[in-house]
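What follows is a short report on a single structure.
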Amino acid sequence: MLERTVNLEVNLGFLKLKNPIIAASGTFGYGDEIRNYIDINKLGGFVTKGLSIRPSIGNPPPRIYETPCGMLNSIGLENIGIESFLNDKLPIIKDLSTAIIVNIYGKTIEEYGEIAKRLKGIKDISAIEINISCPNVKQGGMIFGTNPKISANITELVLKNSEKPVIVKLTPNVTDIVEIAKEVEKAGANAISLINTLKGMAIDIHKRKPILGNIFGGLSGPAIKPVALYMTYQVLQSVSIPVIGGGGIISYTDALEFLIVGAKAVQIGTANLINPRACIEIIDGIKNYCIIHKIKDISDIVGSLKT
Amino acid sequence: MHIIDAKIISNQEVAKHIYLLSIEASDIASTAKPGQFVMLKLNPYLSYILRRPFSICLTNQQGHIYILYKIKGKGTQYISKMRKGDKISVIGPLGNGFPILKNYNQIFLLGGGIGVAPLISLLPYYGNKSIFIAGYKSKSTYINIAEIFRAKYKYIVATEDGSIGYKGTLVDLFKKYLDEYLKNTQNKIKTIIVSCGPIYMLKKIYKIAYSIKIPLYVSMETYMACGLGLCQGCVIKGKTGYMRVCKEGPVFKAEYICWKEL
């Protein structure tokens, strides 16, 4: 008879997750709406939509466009602002028994510190994810994340202003992602998550105009998975803090690839938009894989890559 | 909201490039309100990964939902090839549908091309006090709603080339109708317009409705990723900020929309 119990719990050091599946920022709202559709408590955690000090209206539409095996988005971090989140959304989600990670972004370096201060001491929030990787905003986001020194400065500032563990989400739109990863590790980041979207665009050939209102956007979905997996692998070779991998994961087999190369947890993004149950199906898939392969603990998979 | 692997009952071409799909989805059929929509998933092995949004045309007691759609791209082309008995993943019912219209004496349903689809959902409720005006390019794309749905109501057709019905646009025909109708000033009270179609057409209808102060509701369409309000990808500009077509819409009171931005 097959052993039916599998320990999927992962320990990031600063945070224990009931399993390695985390819903990625921007694909799960603030958790308040999707909780009507699925049992979020089954997830390891979820990351909120990127929040700024003040509400932000985002970019002009069209904001999304499907491309082969992927999609472009140029939402531009539309969000309700940190105060509304704390007042209106957090009360709805705070009793969930899953890790709530708040994604933050600032238009200036200082704003990252200000938001971090607002999150200080709020016990329902498990960690902060620093967004220095959104390609769709004119100020902040990726502009900071492509510069190793600024990336480090922001990490330090957030750590200084809040006791929360800090995850830094990196952009793939750089010459050398390892350099950035090393700098944020040195600055004290508790973990690294990667990758955000790859910059891209699409043209309406009849109008001879860009399809996206913002001209360009970020590419996500299965199309970027090999790139994301390689970057995760690269970063894992050079840092010792936990790495949360992701980019184009759509099935449990995709998730396992990231875990095998050494990611302690993974983020699921675009897949949530196609199937709101994607995270739950991926968790079930990993569990079945473990049962079939007689693996009792997920940690036996993490970093088990043979080269 | 339900996620269902539903069985296709039928999928037939009813006009040029226009298909009527019926699927077995009783949970959706029993809860759907007029004007709501579903997201259909394409074959998982295709390179087209996103679901496609479609208005629910009609539902029936057998738990079937009907979707009228036009082949516009690769996704709809794929759906058109699906056959009876095939399974398709459906999420629905989604979005805010039409308001309750029972206090109106007269309802103008104005559908441009495939834009007739969401309006059909109102017929079982308000067919007897509706005037349905539909505009098409020509006879080949004309959707014979009366025959397809065996519905009895006032259905007036305009084609741009005059190959069937009135020769001209839907807006031209509506204006003529309206002039006649408004001769009796009493008629203006308790009249409402509900419309769906291309943006340029909706803009013209909004102008008319605004000038004679008759309320107008429109069902909007945009590129959509999730359909659940998660990604904020499908927004249109409203008077108080961006509005999600999938969540606040797809039906909006026309005066809340910034038409100049569309």
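Under 18 Å of direct C-alpha separation, and excluding same-chain neighbours fewer than eight residues apart, A:K186 reaches these aspartates and glutamates: A:E129, A:E156, A:E163, A:D176. Structure remark: mean-square fluctuation, Gaussian network model of chain A, C-alpha springs under 10 Å; the largest value among A:G248, A:G188, A:G76 belongs to A:G188.
Distance between the pseudo-spin-label points of B:N105 and B:K152 (7 Å out from Cα toward the beta carbon): 2.4 nm.
Show which lysines lie in cross-link reach of A:K49 when reach means a straight Cα distance below 17 angstrom and same-chain residues fewer than eight apart are skipped. Cross-link targets: A:K89, A:K94, A:K107, A:K169, B:K247. For peptide B:61-73, the mean count of partner chain Cβ atoms within 10 Å of a residue's Cβ comes to 0. 3J(HN,Hα) along the range B:238-249: x, 4, 10, x, 6, 10, 7, 5, 6, 10, 6, x Hz, from the Karplus curve 6.51 cos²θ - 1.76 cosθ + 1.60 with θ = phi - 60°, whole Hz, x for Gly and Pro. Backbone amide hydrogens, once placed in the peptide plane, bring B:F108 within less than 5 Å of B:I131, B:I192, B:I193, B:V194, excluding anything fewer than 5 places away on its chain.
Within the listed set A:I82, A:I292, A:I192, the residue fluctuating most in the Gaussian network model of chain A (springs between alpha-carbon atoms under 10 angstrom) is A:I292. In terms of overall dimensions, the range B:91-154 has a Cα radius of gyration and Dmax of 12.5, 37 angstrom.
Put the Cα centre of the range B:51-113 next to the Cα centre of the range A:176-206 and the gap is 40 Å. The shape of the range A:184-307 comes out oblate: with a ≥ b ≥ c from the C-alpha gyration tensor, a/c is at least 1.5 while a/b does not beat b/c. Taking packing as the residue-averaged number of other Cβ atoms within 10 angstrom, the listed peptides A:211-218, B:203-210 run from highest to lowest as A:211-218, B:203-210. Fewest-first ordering of A:D39, B:D172 by other beta carbons within 10 Å of each residue's beta carbon gives A:D39, B:D172. Every Cα-Cα pair in the range B:1-142 was counted, and those over 27 Å apart are 20% of them.
Here the Karplus relation 6.51 cos²θ - 1.76 cosθ + 1.60, evaluated at θ = phi - 60°, turns the backbone of the range B:116-133 into coupling constants of 5, 3, x, 5, 4, 5, 7, 4, x, 8, 10, x, 6, 10, 9, 10, 9, 10 Hz, with x for every Gly and Pro.
Arranged from fewest to most other beta-carbon atoms within 10 Å of their beta carbon, A:F14, A:F144, A:F258 become A:F14, A:F144, A:F258.
Shielding by partners for peptide B:217-224, expressed as the average number of C-beta atoms from other protein chains within 10 Å of each residue's C-beta, is 2. When its C-alpha radius of gyration is set against 2.2 N^0.38 Å (N residues), chain A gives a value of 0.94.
Karplus-based coupling profile of the range A:293-307, in residue order and whole Hz: 8, 6, 9, 8, 9, 4, 5, 6, 8, 4, x, 8, 4, 9, 10, with θ = phi - 60° in 6.51 cos²θ - 1.76 cosθ + 1.60 and x standing for Gly or Pro.
Per DSSP H run of at least 4 residues, take -39500 (n - 2.57); add these up for chain A, divide by its residues and hand me the 222 nm value, nearest 500 deg cm²/dmol. Write down the numbers at each step before the final one.
Values: 9 runs with 87 residues, N = 307.
Calculated at 222 nm, the ellipticity per residue is -8000 deg cm²/dmol.
Taking a ≥ b ≥ c as the square roots of the eigenvalues of the Cα gyration tensor of the range B:98-216, is the shape rounded (a/c under 1.5), prolate (a/b larger than b/c) or oblate? Could the numbers behind the result be given before it?
Values: a/c = 1.64, a/b = 1.23, b/c = 1.34.
Oblate.
For A:D39 and A:T5, the FRET efficiency from 1/(1 + (r/R0)^6), where r spans their Cβ atoms and R0 equals 25 Å, is about 0.80. In this simple spin-label model, placing a label point 7 Å from the Cα along the Cα-to-Cβ direction at both B:K203 and A:I57 gives a separation of 1.9 nm. Springs between Cα atoms under 10 Å define the GNM used for chain B, and in it the highest mean-square fluctuation of B:C246, B:C196, B:C234 occurs at B:C234. Backbone amide hydrogens, once placed in the peptide plane, bring A:S193 within less than 5 Å of A:V168, A:K169, A:L170, A:I244, excluding anything fewer than 5 places away on its chain.
Just the number: Rg to Rh for the protein assembly as shown, Cα atoms, Kirkwood Rh, two decimals. List each step's numbers first, then the result.
Working: Rg = 25.6 Å, Rh = 25.1 Å.
Radius of gyration relative to Kirkwood radius: 1.02.
Cross-link reach is defined here as a Cα-Cα straight distance under 19 Å, omitting same-chain residues fewer than 8 places apart; for B:K72 the lysines meeting it are A:K207, B:K16, B:K41, B:K81, B:K137, B:K139.
Quick check on the exposure proxy: order A:M71, B:M1, B:M201, A:M142 from fewest to most C-beta atoms within 10 angstrom. Don't skip to the end; give the middle numbers.
On the way: A:M71 27, B:M1 17, B:M201 21, A:M142 24.
If I rank by nearby Cβ atoms, fewest first, I get B:M1, B:M201, A:M142, A:M71.
Close amide H pairs (under 5 Å, H built 1.01 Å from N) link B:F98 with B:G35, B:Q36, residues at least 5 positions away or on another chain.
Distance between Cα centroids, the range B:190-244 to the range B:114-149: provide it in whole Å. Centre-to-centre (Cα) distance: 19 Å.
Values quoted throughout were computed directly from the atomic coordinates according to the rules given, and no laboratory measurement underlies them. Since we're looking at a predicted model, the values are computed, not measured. Reconstructed Cβ throughout: ideal geometry from the backbone, glycine too, with neighbour counts over all protein chains shown.
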